[in-house]
Number of protein chains: 2
Amino acid sequence: MSYPSDPILLQEVAPRDGLQIEPVFVPTADKIALIDRLSMLGFSRIEVTSFVSPRAVPALADAAEVLTRIRRAPGVLYVALVPNLRGAMDALRAGADELNMVMSASDTHNRANMRMTGDQSFSMFRDIVREVETNKPSLNGTVATAFGCPFEGDQSEEKVLDIVRHYLDLGCDGITLADTTGMADPRQVERLVLKALDLVGANRLTLHFHNTRGLGLANVLAAYSAGARRFDAALGGLGGCPFAPGASGNICTEDTAAMCERMGIPTGLDLPGLLEVSRTLPALIGHDVPGQTAKAGRVQDLHAPPATLQSASKRKG
Amino acid sequence: MSYPSDPILLQEVAPRDGLQIEPVFVPTADKIALIDRLSMLGFSRIEVTSFVSPRAVPALADAAEVLTRIRRAPGVLYVALVPNLRGAMDALRAGADELNMVMSASDTHNRANMRMTGDQSFSMFRDIVREVETNKPSLNGTVATAFGCPFEGDQSEEKVLDIVRHYLDLGCDGITLADTTGMADPRQVERLVLKALDLVGANRLTLHFHNTRGLGLANVLAAYSAGARRFDAALGGLGGCPFAPGASGNICTEDTAAMCERMGIPTGLDLPGLLEVSRTLPALIGHDVPGQTAKAGRVQDLHAPPATLQSASKRKG
């Protein structure tokens, strides 16, 4: 089959999709320090927070303050997730470069997660587009549960692609297909990515995978081989799924970057820098994180042979 | 690229490669009970133990007793790893159906792990082959560190393939390429598997991957797409690498089987049965295990929507 060698764009989402599920409130200054460090590591896009109700997601109650106070690096687009018109306006006021709008392919999930029907979501998106017209932020449309819903199961590709078309009709600059609870498999990914790429250019399509069942990087490669070039990932593999306590979260930024490095796929990221910042995460959130490369080191980080080795060949044979 | 749909043979190695690194000694009766349960789940090959020195690997000091006392299921080949002639003879006496011989592509690793030079390993293999001729067990030859050595780094493909040829000349029935400390990447896997398949038929070639850096299942798919059909895996993702405390071990049997199930790749395994047995592992070894599907459930194991859902659409929109 042979993999391509085109660059992959990894978009960091740990500050939003990672921290939103954490039971502890990471102090605002620590969030800002984390984002400021990430800004120096080569990302062109960082999803910094979500303008959701502080009652629904207390962990991100400081969204406006975070977005206002981070030190903006040139060339980095700072993204905010917005669940409704009010969130969009707040995000804009706080200086978001891009608004990430979300609806689920699954009606049940959309009602559980966004508390809206599909039609209500579409209507809300139209309101946002109309209201932000003068500010002209970049707009991204995310299809959550695009690879399956934890309540409904499989979702029809036609339904997912209809939402994509809807986002494009609204004038969205980017589209994200999200495997919200880690249900995708590589064959399914290949199939849906090929169809999505008929509607959206590779430079505008993001794949957002979770590693809930261990398939995260296999799905990345399936999507990449099918032509996708943009991927969300979270430092340390932060994030998670409310239905899978103990299971992995988002695909891990530094594990993905390390895989790309070994495969000769450029990411433009500072991998040693990522590992350094990743290793600060357990202290920040109070528990171990799923990322592997921060524990194992990079492949090229070799170890000293055992000291006993000199005499070993004499002992046996 | 499109994945094939040919069956995959998963070979269980948790009792050997999983338990050998555990600091606790799993009682012999528990090991036997575990293997007996695994025997009923559709495996055609289970690596049950290793006839290494009890001083080197105290966790498997009961190798002979385990191999003698397990309840043999028809159609299952019970494999023992043998590090030397003495281990081979002990394994045969205890009733091993197959002997798995090992040497590392890396000289440094072979000396550290087997305490032999490459020539000493080859000479030992010849002794084993000569001694077991009358018993005619199945013989497998494993090339450890085939995708990289934690001391030396990259290994030349020619050296790996030379060892494969050597094993074949000795009359080995099967060949295993082992990524002993999880250093392989999918592009490298594809390249080496294609070359190995020029020497060994797919029905005789096993790939043994570790998930040390999170690439385990991506490497499985790379090898599978390149034509490999046999893979070692450990229940719960047991195992590990002495240089990566906290990192993952072998690729996880049930995660791999679940991926295959979703992709329509037959494995012949009883996935619910695997999950049930996997969930007994933490109690057996005293800590959490890396496998994800046992925590998250299978993709098709759906969840009830939140009870608040009925009134949700009235609240917002």
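Read-outs: derived from the displayed coordinates by stated rules, not from any lab. A quick note: this is a predicted structure, and the numbers were derived from the prediction, not measured. In this analysis, Cβ positions are derived from the backbone assuming ideal geometry, glycine residues included, and neighbour counts consider all displayed protein chains.
May I have the pair-distance distribution P(r) for the range A:29-153, computed from all Cα-Cα distances with 10 Å bins from 0 and rounded to whole percent? Calculated P(r), rounded to whole percents: 13, 41, 33, 12, 0.
Counting other beta carbons within 10 Å of each Cβ, put B:Asp36, A:Asp17, B:Asp97 in order, fewest first.
Ordered from fewest to most neighbouring Cβ atoms within 10 Å, B:Asp36, A:Asp17, B:Asp97 come out as B:Asp36, B:Asp97, A:Asp17.
Per the Kirkwood formula applied to alpha carbons, the protein assembly as shown shows a radius of gyration over Rh ratio, Rg over Rh, of 1.01.
Spatially, the range A:88-127 and the range B:265-282 are offset by 39 Å when compared through their Cα centroids. Within the straight-line cut-off of under 13 Å between alpha carbons, the aspartates and glutamates reachable from A:Lys195 are A:Glu157, A:Glu158, A:Asp162, sequence neighbours fewer than 8 places apart in one chain being disregarded.
The helix-based estimate of mean residue ellipticity at 222 nm for the protein assembly as shown, built from -39,500 (n - 2.57) per DSSP H run of four or more residues and divided by its residue count, is -11000 deg cm²/dmol to the nearest 500. Here the protein assembly as shown is assigned +1 on the Cβ of each Lys and Arg and -1 on the Cβ of each Asp and Glu. Its dipole about the Cα centre then comes out at about 520 debye. The charge dipole of chain B, taken about the Cα centre with unit charges on the Cβ atoms of Lys, Arg (+1) and Asp, Glu (-1), comes to about 800 debye, rounded to the nearest 20.
Projecting 7 Å from Cα along the Cα-to-Cβ direction, the label point of A:Gly171 sits 7.8 nm from its equivalents in the other copies, listed shortest first.
Counting Cβ atoms of other protein chains within 10 Å of each Cβ in A:151-157 and taking the mean gives 2.
Relative to the Cα centre, the charge distribution of the range B:236-317, modelled as +1 at Lys and Arg Cβ and -1 at Asp and Glu Cβ, gives a dipole magnitude of about 620 debye.
Amide H contacts of B:Leu77: B:Arg45, B:Ile46, each under 5 Å away and 5 or more positions distant or on a separate chain (H built 1.01 Å from N in the peptide plane; Pro and chain starts excluded). The GluC sites (Glu not before Pro) of the range B:234-317 include none that meets both criteria, a DSSP state outside H, G, I, E and B (loop) and at most 10 other C-beta atoms within 10 angstrom of the site's C-beta. Between copies, the label points of B:Thr28, set 7 Å from Cα on the Cα→Cβ line, lie 6.5 nm apart, reported in increasing order to one decimal in nanometres. In sequence order, the range A:43-60 has phi-based couplings of 6, 9, 8, 10, 8, 8, 6, 9, 8, 8, 5, x, 6, 6, 9, x, 4, 10 Hz under the Karplus curve 6.51 cos²θ - 1.76 cosθ + 1.60, θ = phi - 60°, and Gly or Pro positions carry x. Per-residue 3J(HN,Hα) values for the range A:280-291, derived from phi via the Karplus relation 6.51 cos²θ - 1.76 cosθ + 1.60 with θ = phi - 60°, read 8, 5, x, 5, 6, 10, x, 7, 4, 10, x, x Hz in sequence order (x marks Gly and Pro).
Amide H to amide H distances under 5 Å link A:Cys149 with A:Asp154, A:Gln155, where only residues 5 or more positions off or on other chains count and H is placed in the peptide plane.
Cα centroid distance between the range A:182-204 and the range B:132-169, in Å? When both Cα centres are located, 39 Å separates them.
Three principal axis extents of the range B:9-301 based on alpha-carbon atoms, in descending order, are 51, 42, 35 Å. Straight-line reach from B:Lys159: taking Cα to Cα under 14 Å and skipping same-chain neighbours fewer than 8 places apart, the aspartates and glutamates in range are B:Asp107, B:Asp119.
Annotation: amide H-H contacts under 5 Å for A:Gln11 (H modelled 1.01 Å from N, sequence separation of 5 or more, or interchain): A:Phe231, A:Asp232, A:Ala233.
Using Cβ counts within 10 Å as a stand-in for footprinting exposure, how do A:Cys149, A:Cys252 rank, fewest first?
A:Cys149, A:Cys252
Qualifying trypsin sites (Lys or Arg not before Pro) in the range A:222-282, where qualification requires a DSSP coil assignment and no more than 16 other C-beta atoms within 10 Å, comprise A:Arg279.
For the range B:110-115, backbone phi angles converted through the Karplus equation (6.51, -1.76, 1.60; θ = phi - 60°) give residue-by-residue couplings of 5, 6, 6, 8, 9, 6 Hz, Gly and Pro being listed as x.
Which shape class, rounded, prolate or oblate, goes with the range A:141-231 when its Cα gyration tensor gives a ≥ b ≥ c as root eigenvalues, a/c under 1.5 marks rounded, and past that a/b bigger than b/c marks prolate? Oblate, since a/c reaches 1.5 and b/c is not below a/b. Selection among A:Ser225, A:Ser104, A:Gly264 by position relative to the dipole of the protein assembly as shown gives A:Ser104 as farthest towards the positive end (Cβ unit charges, Cα centre). Residue exposure proxy: B:Leu197, B:Leu34, ordered by other Cβ atoms within 10 angstrom of their Cβ from fewest to most, comes out as B:Leu197, B:Leu34.
Packing, taken as the mean count of other beta carbons within 10 Å per residue, orders the peptides A:68-75, B:109-116, B:219-226 from highest to lowest as B:219-226, B:109-116, A:68-75. The same position B:Pro74 in the other copies lies at 7.6 nm from this copy, comparing label points 7 Å beyond Cα toward the beta-carbon, shortest first.
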